[in-house]
1. Any chance you could count how many residues in the stretch B:253-308 are in a helix (DSSP H, G or I) and without any contact (Cβ under 8 Å) to a residue 40 or more places away in the chain?
2. Failed condition for D:Thr147, given (1) touching a Ser or Thr at 6+ places or on another chain (Cβ under 8 Å); (2) of a type in the set (Ser, Thr, Tyr); (3) more than 7 Å from every other protein chain (Cβ to nearest Cβ), with all others met?
3. Just to check your reading of the model, which residue among C:Glu37, C:Glu66 is without any contact (Cβ under 8 Å) to a residue 24 or more places away in the chain, more than 21 Å from D:Ala219 (Cβ to Cβ) and away from ligand 4 (no atom under 16 Å from the Cβ)?
4. Taking D:Leu116 and the conditions (1) facing chain B (nearest Cβ under 9 Å); (2) out of contact with any helix residue (DSSP H, G or I) (no Cβ under 7 Å at 6 or more places or on another chain); (3) of a type in the set (A, V, I, L, M, F, W, C), which numbered condition does it fall short on, given that it satisfies the others?
5. Pairs only if they're at least six apart or on different chains, beta carbon under 8 angstrom, first in the stretch C:417-439 and within 14 Å of another protein chain (Cβ to nearest Cβ), second within 16 Å of ligand 3 (Cβ to nearest atom) and open to solvent by 10 Å² or more (accessible area, probe 1.4 Å); list them, first residue then second.
6. Grab the strands (runs of 3 or more DSSP E) fully contained in the stretch A:100-214, keeping just those with 3 or more residues being within 13 Å of chain B (Cβ to nearest Cβ) and in contact with a strand residue (DSSP E or B) (Cβ under 7 Å, 6 or more places away or on another chain).
7. Confirm whether D:Arg102 is open to solvent by 40 Å² or more (accessible area, probe 1.4 Å), of a type in the set (Lys, Arg) and not in a helix (DSSP H, G or I).
Amino acid sequence: SRPGSSQQQKAAHGAPYSIALSNSFIGNTWRVEMENEFKGACAMPPYSQLIKCSVYNSGNDVTKQTQQIDNLISSHVDAIVLNAASPTGLNGVIQQACNAGILVVSYDNVVTAPCALKVNTDQYKFGQQLAQFLVDNLQGKGNVIMVTGVAGTDVDQQRNAGADAVFKANPGIKVIARYTGMWASDVAERNTAAQLPSLEKIDGVWCQGGTDGVIRAILAAHRPLPKAISGEAENGFRQYMLQYRSQGLKAMSIGQPPFLVLVSLELATQVLQGKHAKADITIPFPYVTTDTVKEGETTFKDQSSSFFADFTDSGPNAVVSVCVEMATQGKPCPGTLTVKLP
Amino acid sequence: MSTQRRTLRFSWQRLSRSQRGTLLAYVAVIVLFIVGGIYRPGFVRLDNIGQLLLLASFVGLVAAGQTFVILIGGIDLSVPWVLNAMAVLLTTTSLGQDSRAWWVVPLVLVLGAVIGAVNGLGIVFFDIPPVVMTLGMNGIMQGLVLGLTGGFTCATCNSVAPPAVQTAIAGQAVLGLPNGLLVWIIVALLVGLVLSATTLGRRIYALGNNAVAAYLAGVNVRAVTFIVYALGGLFAALAGIALTAFGQQATLGMGDPFLFDSIAAVVIGGTSILGGRGNYWGSIAGAIFLVVLRAVLQQYSISEAGRSIVTGVVILVALLLYGREAREV
Amino acid sequence: MANIEGIEISRSFGGVQALRRASFVAESGEVHALVGENGAGKSTLIKILSGLLRPDEGKICVQGREFLLESPKAALRLGIGTIFQELTLFPAMTVAENLLMGREVRNAGLINRGATAATVRDLLQEYGVTGIEPLELIANLSLAQRQIVEIIKVVSRRPQILFMDEPTSALAEQEVVWLFALVRKLRDEGACIVFTSHRWNEIKDIANRITIFRNGENAGTYEATALSEQEAVERMTGRKLEMLYPDPVPLQERVPMLEMRDLTGANLRDIALTVHKGEVLGIGGLAGQGQRDLLQTLFGMHAIHGGTILLQGKEARIGNPREAIQRGIAFIPEDRKTEGLLLPLPVRQNLTLPILGRLARSGFIRRRQEEDLIRSMIDALAIRTPDSDQPVGLLSGGNQQKVLIGRWLLTQARIFLLYDITRGVDVATKHDIYELIHRLSEQGHAILLYSTDTEEMAHLCHRVLVMREGRITDELDGPHIAPEAIVAASLYVTAPVE
Amino acid sequence: MSATETRTSRPIPVQERLSYYGAQNVPLLLSIGILVVMILLYLILFVLRQQRLPGSFELSTTLNNSMTLGLAALGQSLVVLTGGIDLSVGGIVDVTNSVAARLMQDNPGSIVGVTLLVLVIGAGAGLLNGLLVTYGRLQPIIVTIATLAIWQGVALLVLPQPGGSIPAVVTNLLAGDFAGLPASLIIFILLILFWQVLRRTPFLVTLYAIGNDERAARANGASVELAKVGAYMLGGVFAGAAGLYLAASSTSGDATTGTQFTLTSIAAVVLGGISLFGGRGSAVGSLIGACILTLLLNVLFFAGVNPQLQEFFQGLFLILAVVVSTLIRRLLQSTR
Ligand SMILES: Nc1ncnc2c1ncn2[C@@H]1O[C@H](COP(=O)(O)OP(=O)(O)OP(=O)(O)O)[C@@H](O)[C@H]1O
Ligand SMILES: Nc1ncnc2c1ncn2[C@@H]1O[C@H](COP(=O)(O)OP(=O)(O)OP(=O)(O)O)[C@@H](O)[C@H]1O
Ligand SMILES: [Mg+2]
Ligand SMILES: [Mg+2]
């Protein structure tokens, strides 16, 4: 028979709850840190007593992820924490999971299925904020290149739309090139290298991802570094920020935080325990600028340049605070983990 | 005057089909540079051309292996993750130290060749169709990289390519042109030499034309197949090294764009996918053609979707102009 | 009234003018033989008259009316059936599917495969063919069996005009008899049959009229009775050919070069034979009795299950063709297109492929030395080619065959395995090949020879072994072996007293 | 044309036909064998893990998950049978998936209309491939690499960001249940029946002939160009259907999710025992191949394999499956 066709939450039982992380793609550092944080958290109190964790990757393959979730439904997990291969491609199977009484919490590449809870940052604002930083630091005038993300994704669309809105409102800013970096440093570097020699003076760079690659290409071509750069939270980018801020570089680095997964885990746990309403959560981005970036805290010189330096939140109102070993190796940090849901 | 014209036409007609394809591919490249230069004169500056050629060299290095494999009528779909695995191996074993580079680089090349040879082994001894063997190998290498690096979380995964290797590719020793171009030129000369002047080259063409006839003429079909797939792996590894040197670090999925590009470069260059016909000079033109085409489209700020469509259409048009098969009787 | 007529037809391929203003007429109720050297344009004419090729110029008339034959389908509709020189069967499909392709038994528009197969079984029976099962795959049939399927496929449509391009080249004696009976029946029913062959005795046997083609032109049509072989050859080739078969070289002393002792292997049982220095040894018998396997096993293509092979008295292991070549064995297969030559590659690369190792120093080919060898071979065999860069596929058939032979001469082999190497080869070239065989024999090479042409075997060989079901069942010794004796021995009846 | 057609012949005994059929379809039988092994493995692992037998939910999700790939592989096999290859399958899936999700409204007219439109788009895409391969005389692999790029671009234009929706009726019809039976099971059966009918048409006979020897097919009077274009077109229609099914089962569209079907459809075709050289094999095999690949994922899931090693095991499986098939075939050949 079909497992639980009822709409209501199945997990009337107490702890431990079985929660599965269904991740699509594992081919970049961000995803790896994110998975590591999940694994690390599961080994830390309070989750170590409360939750039975499992982790699945499917690659960027909707059918594979669908099937994995089908198998999770067959396995009667209590909740699925989901980073989807497609915002829409899994809607069918998510509905099935909901029908089977499984809680689905979707984050990062969030799904549109209405029955899933969503945990995310505001991607439109991401694009907007990066663009506004350029406008402010270029005094509303200059040549800007835009390095976009993976075409056909919602995140890419939203970020671009946010930036476009700002640039349109500031006609002094001229977008002289716009091409994809595929959110990958190597692609961003190659595409920038292919573009660069034919471009006139570049005053600002707006980059969705692979920012360190863009800078590397500019330096390799012996071009002066643009006045203002706004980009993602790659460690390499932040190292460049440290290195060049004395030469007047103005840069902003905003990250999609890998700890979204921890917020989602906490939300799932609280909902299963009946402690939290079934509601979506939007968290603010952690960001640094050339003025605030700090070695050992928001950038690490012994980490790779593709390392995401915003693996943890900081400050008194931090959503969560974790150690670097958790992000890099999936090891639990000492003590108890607290995630503050906003 | 008229006699001169006749000799000109004569020599064109004496060219083989693949030679004509190669020539026209170069013509297409020049046309592209002109189109790009019209929009932005800087496009045809020496440093830009050098930069674009360096980018083309990555496709070109992969295409070197692919050319060998396609010439014997095979195909290598394992390129993306062999390349990727070897790139990861380079950084994780060299740890970014020049002192290790002297043995790590050969190690990576040899291992790439060994993996390619395993492809050859399956194809030769178990009659596995090349498409299946290399597709499977691609998955195996992908799984191994993900699994062994724990999803790229290993302690050494952050390492960069040794500075010496970086300089060898991205440095600029002559005329402000990237050193990687020199590497590519050397590879091109070697590949050209192997294909045209050695017993191996002769046997490759023989095998690609007719495996049975080649076998009956004493060609060691198994050994040649084996060597050719090993070369496929070797050049994937070399491309992996070059790419890592260029981008400093290895990343997961860095080989993915090179599968269809390498095949397309080979075919655009006039080599027959059925084997036995073609050469590496064509593949070089094909690689440059693809990279410059993308750069031109990027110039004109065409959207991702539009770029994809135009790339497809331009490839088709170019092939319709010169890549047509002879009508069968 | 003319049944089919081609008027002033021209056709070229790239630079090659295959037909130039050639006209040809064949009437109903006759068997019309089309003869000429390799590359004379016979097949091209037939392809054009069957709609497979379009002429560059010229007209085609059927029953006096002009038609544009734009495809083989159009020709079929006009009652033109063609057995092409290259078989047009599909190896991975069944005999039934091949034989009735396009004419399958249908129920409600859908093919009834069971009933189709049953129909084919009856059809094969009707034509007196045994040993071919309708559900067998073509791939599992011998070449002769395939030729028979092809013949029945075309003939069972009862075409009014039937073209047969070298239908007998793969057939053995008895099968030719079968075919000719069929042809006579069709002719007597009023069909027009056009037929090509390089075997004069067959032409003499079946043709009413003969048209000679030379260099793509019609060189005259004759009543069959009014043309002698000498005359025909002279008009085809422009040179006088006194004797097709040169005088054999008598064997002086018997020094064994190759021995097989109790050899058992793929389709071979207890083979024991000895070939001597300078000897031409025929391997006779009906087609498909293991002759091919014998030569292939010697060339290292099949594993040996028992017994031994001795070369010059020493036991030799031959694991693959490469080792065979190293031991001085050469194998020339029947089908130069699929097993011999690399058609798109230059003459050079075809000639030196087996000896590359010898030509090269540390992997690099010494071009000057290679070119010298090639020149000498082109001269020695009088291969007609503009230069050594010419793709071998653009040479005429006879010259292709010479390139193939030249390749093996270059290996300096001592033992030659010749498998039906004159199949589809014109008289003049045949003569050249025969002379070559004698020359090899004179120089002390050992030759093992199989041929579907019994006469050829009888004339060339010092000795003939007859095979049956993988065993050697008979031995005929020279100096003069009668073709009839070989046929008789093959059929396992006692030879007629001479 | 000839008298042979009207005469009734003594039928060939079924047993004899079966024995030939078996011998000639060893690759298909082997792929059925692999399927059975996979089912058994899945059952064992499932029972060990879940302490219960899989039920109708597992049956229907497994079949649903095989369906998109199955349709794509069916299209692929038509092209492969002619000796070609279609790398644009993934692109066609992208386009049709996007169009369906973008245009389909919740009313019968729209549902029927968009369904037809999607199939026509598939046919059109296939037609383009077919024309370029036959009349353009280009190599299939490069034609379809180029059209893959084109269709991926078009899909992005149609649906720049994931979205759109498919009416619940359509989802229920294609991925739901019918009288307790999964709809996908019924579709699979219909596809097999369709293939059996198609297999008995002159069109398919011509395709097999072309795959065996194109030159000979022409000499036999077959309309080679027409049949080849037809194969690419019908292949496109099935790829289009795959895109529609993908949209229906996920209830909405995404312009980038189809790409993977290019290579997986080839893997399914090979696992199904169809020769990549053309002219040999049955499209039923490619449906089986699709199910095998789906079951493999389930087996890896319930075997608790480290998900990071998933690709490794899939690759290894693909190679081993083909190796085992080859060895068994050789064994059969040597004993026959
Ligand atoms: N498809 C082709 N492409 C190029 N040249 C061709 C082609 N077909 C035939 N030729 C050339 O046309 C000429 C006539 O060939 P054709 O096959 O008609 O000769 P033939 O008389 O049938 O010879 P044979 O007795 O060897 O069969 C030859 O020189 C041949 O090389
Ligand atoms: N191509 C084939 N080669 C050999 N055997 C075949 C072939 N096709 C079918 N068969 C055998 O014949 C049996 C019936 O097959 P099929 O349904 O195709 O025949 P049919 O065309 O419907 O003829 P009938 O109506 O006489 O059964 C099959 O079970 C199979 O054993
Ligand atoms: Mg001929
Ligand atoms: Mg039936």
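1. Keep residues of the stretch B:253-308 that are in a helix (DSSP H, G or I), which gives B:258-268, B:280-299, B:304-308.
Filter once more, so that each one left must be without any contact (Cβ under 8 Å) to a residue 40 or more places away in the chain: B:260, B:294, B:297-298, B:304-308.
Of the residues in the stretch B:253-308, 9 are in a helix (DSSP H, G or I) and without any contact (Cβ under 8 Å) to a residue 40 or more places away in the chain.
2. Of everything listed in (1) touching a Ser or Thr at 6+ places or on another chain (Cβ under 8 Å); (2) of a type in the set (Ser, Thr, Tyr); (3) more than 7 Å from every other protein chain (Cβ to nearest Cβ), D:Thr147 misses just condition (3).
3. C:Glu66
4. Of the numbered conditions (1) facing chain B (nearest Cβ under 9 Å); (2) out of contact with any helix residue (DSSP H, G or I) (no Cβ under 7 Å at 6 or more places or on another chain); (3) of a type in the set (A, V, I, L, M, F, W, C), the odd one out for D:Leu116 is (1).
5. Listed by first residue and then by second, the contacts come to C:Tyr419/C:Glu334; C:Ile421/C:Glu334.
6. Filter on the stretch A:100-214 gives A:142-148, A:173-180.
7. Details: open to solvent by 40 Å² or more (accessible area, probe 1.4 Å): yes; of a type in the set (Lys, Arg): yes; not in a helix (DSSP H, G or I): no.
No, not satisfied.
Results for (1) surrounded by 24 or more Cβ atoms within 10 Å (Cβ to Cβ); (2) without any contact (Cβ under 8 Å) to a residue 24 or more places away in the chain; (3) closer than 30 Å to A:Gly14 by Cβ, shown as yes or no for each residue.
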position: A:Ile69; (1), (2), (3): yes, no, yes
position: A:Val81; (1), (2), (3): yes, no, yes
position: A:Ser86; (1), (2), (3): yes, no, no
position: A:Asn99; (1), (2), (3): no, no, yes
position: A:Lys125; (1), (2), (3): no, no, no
position: A:Asp154; (1), (2), (3): no, no, no
position: A:Tyr179; (1), (2), (3): yes, no, no
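The values are calculated or read from the model by the stated rules, or taken from the named source; none is laboratory data. Fair warning: this is a prediction, and the values are worked out from it, not measured in the lab. Every residue, glycine as well, gets a Cβ built from its backbone with ideal geometry; the counts of neighbours run over all protein chains shown. Note: accessible area is taken over every heavy atom of the protein model, side chains too, but ligands, DNA and RNA are not part of it. Shrake-Rupley method; radii C 1.70, N 1.55, O 1.52, S 1.80 Å.
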